[in-house]
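The values are calculated or read from the model by the stated rules, or taken from the named source; none is laboratory data. The shown structure was predicted, so the numbers you read here are calculated from the model rather than taken from an experiment. Glycine gets a Cβ as well: all are built from the backbone with ideal geometry, and neighbour counts include every protein chain shown. With ligands, DNA and RNA removed, areas are computed over all heavy atoms of the protein, side chains included. Shrake-Rupley method; radii C 1.70, N 1.55, O 1.52, S 1.80 Å.
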Amino acid sequence: MKIAIEGCCHGELDKIYETIEYIQERDNIKVDLLLCCGDFQAVRNRSDLKCMAVPLKYQKLNTFYKYYSGEKEAPVLTLFIGGNHEASNYLAELPYGGWVAPKIYYLGYAGVVNFGGVRIAGLSGIYKGHDYLKGHFEKPPYGEDTKRSVYHIRNLEVFRLKQLSGDVDIMLSHDWPRGIYNHGNTNELLRYKPFFRDEVEANKLGSRPAEDLMNHLQPKYWFSAHLHVKFAAMVEYQVRNLGLDWLRRQGGNFSSSDIVRCSLYL
């Protein structure tokens, strides 16, 4: 199985699918699934632009509307989560996920699906502490405040994902798990993004809920977007945190020093 990963989409579906088709021809492969890590921008019409928290110069239809209207069809099954630049009025109609266009599926505020035996979970939005303990109170027509708070992660979604049992193969989030920069090449990250330094040194860069979920679910792979920079990390967990199901699958032969590794690509 071949899975393509896209960071922030920003509504550029034509370009993304064209790139996938180019790679398939170049490498003589077939991509079975596309995963998008937020800022998908499922904008159907100009009214949707009024519900998207972006500066006026970035309020563009781009190309999702072609797939929504039926003018085009996605050449590969596409799964996505929400970010902080979305047509929030449309995504709010599907809080538990659903099809936004043929072959394009939204995972909802928080969701999990199984594709070909690969278990994929996702958490939409970004973390802001002042909204974390609130419910989803926003509704159209959005004001300048609510068009932003609508995409803030709530503790309810984190709680729901924590109820998952068994392995999670791939986890998607828009913003990074907090502290993940300690598990990769931090110097290289700061060379590209020197203005991250203060937050990195204070351990404030990234999402506390995503960090919590990473430690709780311990997925095999984690993909994020949001900060517009490539960063790879490897996190190691103690096997004793994995639970009895995992231990049984290993035949019961383990010690407290055994570890499992999680690869993160951001």
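Of the set (1) touching a Phe, Trp or Tyr at 6+ places or on another chain (Cβ under 6 Å); (2) closer than 15 Å to I126 by Cβ; (3) surrounded by fewer than 19 Cβ atoms within 10 Å (Cβ to Cβ), all apply to L172 but (3).
Identify the residue in the range 99-116 that is open to solvent by less than 50 Å² (accessible area, probe 1.4 Å) and in contact with an Asp or Glu (Cβ under 6 Å, 6 or more places away or on another chain) and, among all such residues, is nearest to C51 (Cα to Cα). Applying the filter and picking the extreme gives Y109. Taken over the range 88-98, residues that are touching a helix residue (DSSP H, G or I) at 6+ places or on another chain (Cβ under 8 Å) and buried (at least 24 other Cβ atoms within 10 Å of the Cβ) amount to 1. The residue that is least open to solvent (accessible area, probe 1.4 Å), counting only those in the range 200-214 that are part of a loop (DSSP other than H, G, I, E, B) and out of contact with any strand residue (DSSP E or B) (no Cβ under 9 Å at 6 or more places or on another chain), is L205.
What about R191, is it under 19 Å from the mean Cα position of the chain (by Cα) and either open to solvent by less than 70 Å² (accessible area, probe 1.4 Å) or not hydrophobic (A, V, I, L, M, F, W, C) (or both)?
Working: under 19 Å from the mean Cα position of the chain (by Cα): no; either open to solvent by less than 70 Å² (accessible area, probe 1.4 Å) or not hydrophobic (A, V, I, L, M, F, W, C) (or both): yes.
For R191, the condition - under 19 Å from the mean Cα position of the chain (by Cα) and either open to solvent by less than 70 Å² (accessible area, probe 1.4 Å) or not hydrophobic (A, V, I, L, M, F, W, C) (or both) - is not met.
Number of residues in the range 122-149 that are under 16 Å from the mean Cα position of the chain (by Cα) and either closer than 13 Å to E86 by Cα or open to solvent by 90 Å² or more (accessible area, probe 1.4 Å) (or both): the value is 3.
Examine the range 71-92 for a residue that is farther than 28 Å from G206 by Cα and either part of a strand (DSSP E or B) or of a type in the set (F, W, Y) (or both), and state whether such a residue exists.
Yes, the range 71-92 has at least one match.
Taking the range 1-22 as the range and being outside any helix (DSSP H, G or I) and touching a helix residue (DSSP H, G or I) at 6+ places or on another chain (Cβ under 7 Å) as the test, the residues that pass are A4, E6, C9, G11.
Scan the range 20-69 for residues that are open to solvent by 10 Å² or more (accessible area, probe 1.4 Å) and of a type in the set (D, E) and the total you get is 4. Looking at Y142, Y132, just one residue is in contact with a helix residue (DSSP H, G or I) (Cβ under 6 Å, 6 or more places away or on another chain) and either within 29 Å of K103 (Cα to Cα) or modelled with pLDDT of 95 or more (or both), and that residue is Y132.
Of all residues in the range 122-143, those being touching a Ser or Thr at 6+ places or on another chain (Cβ under 6 Å) and touching a residue at least 40 places away in the same chain (Cβ under 8 Å) number 3. From the list R119, R160, R197, the one residue that fits, being surrounded by fewer than 19 Cβ atoms within 10 Å (Cβ to Cβ), assigned to a strand (DSSP E or B) and either of a type in the set (K, R) or touching a residue at least 40 places away in the same chain (Cβ under 8 Å) (or both), is R119.
Does any residue of the range 33-54 turn out to be among the aromatic types (F, W, Y), farther than 20 Å from H226 by Cβ and touching a residue at least 12 places away in the same chain (Cβ under 8 Å)?
Kept after step one, since they are among the aromatic types (F, W, Y), are these residues of the range 33-54: 40.
Still in the running and farther than 20 Å from H226 by Cβ: none.
So far as the range 33-54 goes, no, none of its residues is among the aromatic types (F, W, Y), farther than 20 Å from H226 by Cβ and touching a residue at least 12 places away in the same chain (Cβ under 8 Å).
Any residue in the range 239-253 that is touching a helix residue (DSSP H, G or I) at 6+ places or on another chain (Cβ under 7 Å), at pLDDT below 95 and among the β-branched types (V, I, T)? Spell out how you get there, then give the answer.
Initial filter on the range 239-253 (touching a helix residue (DSSP H, G or I) at 6+ places or on another chain (Cβ under 7 Å)): none.
No - not one qualifying residue is present in the range 239-253.
In the set (1) touching a residue at least 24 places away in the same chain (Cβ under 8 Å); (2) assigned to a helix (DSSP H, G or I), R191 fails one condition alone, (1).
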